[in-house]
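Q: Take this structure, written in structure tokens, and hold onto it; I'll ask about it next.
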Amino acid sequence: MENPVNEAGGLLSVAIVTVVPRSPGGLKVLSPSPFVLKSYVMWRARKDGFTAPDIDTFVFDLGITTGEMIANLGTKHYDVVACSVYIWNCNDIIEFADNYKRQNPEVVIVFGGPQVSPVADEIIVDYPFVDIIPYVTAPGETIFYYLLRALAKRQPLSEVSNILYRSQNGTINKTGKNIEKIDISQLPSPFLDGTVHIEADQNYMAIIESSRGCPFGCAYCFWGSGDKGVEYFTDDRIIAEIAMIYSHPSVKHVFFTDSDFLLKVNRANQFIDTIMHYGGERVKTEVEIDARGINETKKDAVLKLMRLSNGYILFAVQTTTPEALKLIGKRAGPEVFRNRASLLRSWLPDVKIVVDVMLPLPGDTLSGYLETLDFVLNLEPVRMILNPVILLPGTAYYEQRDSMGLRYSGKPTNILIETPTFPKTDVETALQISIWFEVLTYYHPATAAFFYATCSRDGRRRIDRLRQWIDAIEGQLRLFSPYHDLVDRVTSSIKELNAVKGSVMRHAVSPRESTIIFETILALEGERYADLTGDLIVGKEIFRSLAASSEQPVDPYVSLRGETNAFKTDVSRIIPRFSFY
């Protein structure tokens, strides 16, 4: 049909739906896409003298069931249900849309977002319950506005540019490409115009978009795949958003989406000063900084950032393997990260560095990946975060997947399973080592401190020492024995990847297993480094006591705050952190 909304008259009723993970701290995330779309449509409708649709926004937590999502939409009749689709929610959105369409056959289902628009021609064929998909991702606001206006006015969809749509007879039609340029400095703010409603009885992670685009163009990332460069919202708008968001007591965490927060350092300084004025000590602030841009001119901004609650610097190392770096594109080599870490620590010795790595990157090998982990260990980060390689539609990796010989999980998640140089068996080995890396250098602070202290005393390659620990501990605990199909499990979906990692890690920090971990490390290294074992010995006794207790606490750290005097130590250096993702 040319226009699926065929009722005469009446106000167009629209639901915008998305699903997002909660933050690592369990906060509800204010995913911006539904609010940005609604805010723009309402603003543009007023500007054009068009009667705006009735739009409701729904941001669901990852893990909600399809039935619960449908129930939350209630009995209200929606003409259009528009779904914002990303890698983390694609399976949930597909299941929801399919079931909702079965129960409401007349509803128009619209899919949009980076996980579907670059492959719109595939998605609309594979999922017959989807009626309309924009095949252009940006600017999404204008495409959505013109689509809703056409539906509301009962105009032919053939007059709406940049979309694929399904006709009444089942044929799929593609309209012409005509991208309307927008000046993002003129766009309304969903925070400032009241579109985002922050409830008093919830705790939130808010997301601030102060710029759009990325200048780096990595082969695995869709963000910088275009040719628009970086565009900026006005300073006044962002300062007003910071003031409003940081002043709200329900907001506990703020994430800035900028590809490099310090790309314009004077602008960033204004934002940091405003953050500090309106609650920077109370609200956790998270930004991304490109290591290549860290220099003396940005020292003051970096030092101020570190004053913010839980501030840290993210190093997106990804790999140190030359061939893998070449295939990624514009990536910094290991020397850049080493030099920047040294510079940061000369300014601030206790700076928190978090490192991202990716597995399995095209061009990488198991030996190359272990070299990357050794490099990361020498940076002595507070945490290493493992990211799977996902073939995101519209990226160079996705376009070249067949010619590169990549084997992946298949639509819609496209998580990489193996490459010609990184076979599945090696990926499994690397995955197990990486998870243990996180356990021993982050989730168990006492083992991390002991590891780095011992490394400073001999010339052994750090990854070899860590693997010796892992082999000895895993030989006793066998935490991965339930997962004979580990790689297949974790590449089936992002949700399953996190579920498996979370399950393994929870076992690794439980009292019994923690006792064994501490005992094993002491048996391996205790005699040689007896002067460094204080926290390990105390920790072993704490965990042994907990393991023997008939009432084990859910979170040992919470229950042991009162034990500090008894054990004459700082318990925070011993008990694991509990922020699984």
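Q: Please specify each residue of the range 154-170 satisfying the condition of being in contact (Cβ under 8 Å) with a residue 40 or more places away in the chain and of a type in the set (D, E, K, R).
A: 154, 166
Q: Would you check if residue 249 is out of contact with any strand residue (DSSP E or B) (no Cβ under 9 Å at 6 or more places or on another chain) and open to solvent by 20 Å² or more (accessible area, probe 1.4 Å)?
A: Here the answer is yes, as residue 249 does meet what is asked.
Q: For residue 198, all conditions in the list (1) of a type in the set (Val, Ile, Thr); (2) open to solvent by 30 Å² or more (accessible area, probe 1.4 Å); (3) farther than 30 Å from residue 318 by Cβ; (4) within 24 Å of the chain's Cα centre (by Cα) hold save one; what is the number of the exception?
A: For residue 198, the failing item is (2).
Q: Residue by residue through the range 264-282, note down the ones that are open to solvent by 70 Å² or more (accessible area, probe 1.4 Å) and not in a helix (DSSP H, G or I). Break it down into steps so the answer makes sense when it comes.
A: Step one: filter the range 264-282 for residues open to solvent by 70 Å² or more (accessible area, probe 1.4 Å), giving 264, 266, 270, 273, 277-278, 281-282.
264, 278, 281, 282, listed by residue number.
Q: Any chance you could count how many residues in the range 55-108 are open to solvent by 20 Å² or more (accessible area, probe 1.4 Å), more than 19 Å from residue 498 (Cβ to Cβ), assigned to a loop (DSSP other than H, G, I, E, B) and hydroxyl-bearing (Ser, Thr, Tyr)?
A: The total comes to 1.
Q: Which members of the range 151-187 meet the condition of being of a type in the set (Gly, Ala, Ser), more than 30 Å from the chain's Cα centre (by Cα) and within 30 Å of residue 211 (Cα to Cα)?
A: 161, 176
Q: Something else: Out of 285, 257, 297, report the one residue that is touching a strand residue (DSSP E or B) at 6+ places or on another chain (Cβ under 8 Å) and surrounded by fewer than 18 Cβ atoms within 10 Å (Cβ to Cβ).
A: Testing whether each residue is touching a strand residue (DSSP E or B) at 6+ places or on another chain (Cβ under 8 Å) and surrounded by fewer than 18 Cβ atoms within 10 Å (Cβ to Cβ) leaves just 257.
Q: Next question, about the same structure. Residue 130 versus (1) open to solvent by 20 Å² or more (accessible area, probe 1.4 Å); (2) without any contact (Cβ under 8 Å) to a residue 40 or more places away in the chain; (3) within 20 Å of residue 97 (Cα to Cα): which is the lone unmet condition?
A: The number of the failed condition is (1).
Q: Counting just the residues of the range 171-180 that are part of a loop (DSSP other than H, G, I, E, B) and touching a residue at least 12 places away in the same chain (Cβ under 8 Å), which one comes out most open to solvent (accessible area, probe 1.4 Å)?
A: This residue is 177.
Q: Another one. If residue 16 satisfies all but one of (1) aliphatic (A, V, I, L, M); (2) within 24 Å of residue 114 (Cα to Cα); (3) over 27 Å from the mean Cα position of the chain (by Cα), what's the number of the condition it fails?
A: So residue 16 meets the others, but not (3).
The values are calculated or read from the model by the stated rules, or taken from the named source; none is laboratory data. Keep in mind it's a predicted model, so treat the numbers as computed, not measured. Heads up, the Cβs are rebuilt from the backbone with ideal geometry, glycines too, and the neighbour counts pull from every protein chain shown. The area values use the complete protein model at the heavy-atom level, side chains included, leaving out ligands, DNA and RNA. Shrake-Rupley method; radii C 1.70, N 1.55, O 1.52, S 1.80 Å.
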